[in-house]
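Q: First, the structure itself, so that you have it in front of you.
Bear in mind that the values in this text are calculations on the coordinates, not laboratory data. What you see is a predicted model, and the numbers here were worked out from it, not measured in a lab. No Cβ is skipped: glycine too gets one built from the backbone with ideal geometry, and neighbour counts run over all protein chains shown.
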Amino acid sequence: MLATFQGVVKEGQVRLFGAPPPDGTFVVVVASAFPSAEEQLARLKAIPLEERQKAFDEFIRLARQEPPPEMDISQISDQELVDIVHEVRAERAAKRGAA
């Protein structure tokens, strides 16, 4: 199952808003860097709930279009995960530059 959670990083810990995922859940964190947890929280609160929900709905819609993963995520190395994150960032940057 694919799920998304919102939160902030403070003092090196990820603090999730709302109900946390069940114990034993494998979590991958993708984050933008901001100078402080307060700025992160303020930025998140500035986005209307409807807008945040649209982004999650779109993410879920796109995720459901993709074929299921062929590889167990526990078999992916840390470096492969880092490479995936960098690839996605580059794609997003290219899309923003084209817009």
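Q: Given Cβ point charges of +1 (Lys, Arg) and -1 (Asp, Glu) and nothing else, what value in debye, to the nearest 20, does the dipole of the chain about its Cα centre take?
A: 520
Q: Subtracting the Cα-Cα distance from 0.36 nm times the residue separation, let me have the gained length for GLN75 to ALA19 in nm, one decimal.
A: Working it through step by step, the gained length comes to 17.4 nm.
Q: Which whole number in µm²/s is D for the range 7-70 by Stokes-Einstein, with the Kirkwood Rh taken over Cα pairs at 37 °C and 0.692 mPa s?
A: Translational diffusion coefficient: 234 µm²/s.
Q: Could I ask something else about it? As a check on your grasp of the helix formula, calculate [θ] at 222 nm for the chain: sum -39500 (n - 2.57) over DSSP H runs of n ≥ 4, divide by the residue count, round to the nearest 500.
A: Value at 222 nm, helices only, nearest 500: -16000 deg cm²/dmol.
Q: Considering only PHE59, ALA37, PRO22, whose Cα is most displaced toward the positive end of the charge dipole of the chain, charges sitting on Cβ of Lys, Arg (+1) and Asp, Glu (-1)?
A: About the Cα centre, the residue reaching furthest to the positive side is ALA37.
Q: Given contacts defined as C-alpha pairs under 8 Å and at least six residues apart, what's the relative contact order of the chain, whole-number percent?
A: 20
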